[in-house]
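Below is one structure; the comments refer to it alone.
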Amino acid sequence: MHKQTVYLAGPFFSDAQIDRVRKVEALLKANDTIDVDNIFVPMDHPTSQYAFGSVEWKRATFQHDIRQIDNSDVMVLILDYKLEEGNLEPDSGTMMELGYAFAHNTPIIIVQFDANEAPVNLMAAEAYTAFFWKEEVDHLKYYDFNTLEYKAVERSVI
């Protein structure tokens, strides 16, 4: 059976965000259709040969992450950003990754831990192949990443 490679997109600027990334990563590693040795998590691959924030670091990090999206079979994207602050807007960098993946025909699986039924941005709502939210997040470990069945979520859009 073919196992899919994954680019795991999502913000990792706070402990809560890192916890969400690690939870999704663990669910993916429990999935039989995922190549567990090829789940790319950007925070685990810093471009350390350059000073953080330098022009060289920004360029190298951007290019490295884009190459990883190009080399992945599927993107799993965490939509939650500053959830703990009540801010339901997604992270702009994560949304850029979503747009890039969509433009390059990479299937996108969206994960949202927030149980709030606030509207989802139309562009994100139409870019995904499957959407897991609230208690369904745990179902990632059973989703067949080989067939990539469309899984919609009933949410209004903005």
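The values are calculated or read from the model by the stated rules, or taken from the named source; none is laboratory data. In this text the structure is predicted, and so the values were computed from the model without any measurement. We place every Cβ from the backbone using ideal geometry, glycine too, and count neighbours over all the protein chains shown.
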- Message: Here is a check on your reading of the model: is Leu83 at pLDDT 95 or above and surrounded by 16 or more Cβ atoms within 10 Å (Cβ to Cβ)?
- Response: no
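Is at least one residue of segment 45-65 surrounded by fewer than 14 Cβ atoms within 10 Å (Cβ to Cβ) and touching a residue at least 40 places away in the same chain (Cβ under 8 Å)?
no
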Apart from one, (1) surrounded by fewer than 16 Cβ atoms within 10 Å (Cβ to Cβ); (2) more than 29 Å from Gly86 (Cα to Cα) all hold for Ser14; the odd one out is (2)
Of (1) under 14 Å from Gly10 (Cα atoms); (2) of a type outside the set (Ser, Thr, Tyr); (3) in a strand (DSSP E or B); (4) without any contact (Cβ under 8 Å) to a residue 60 or more places away in the chain, Leu77 satisfies every one except (4)
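Could we say that Gly93 is among the small types (Gly, Ala, Ser) and not in a helix (DSSP H, G or I) here?
no
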Restricting segment 134-149 to residues that are surrounded by 10 or more Cβ atoms within 10 Å (Cβ to Cβ) and either among the aromatic types (Phe, Trp, Tyr) or free of Cβ contacts under 8 Å to residues at least 12 places away in the same chain (or both), the one nearest to Val74 (Cα to Cα) turns out to be Phe145
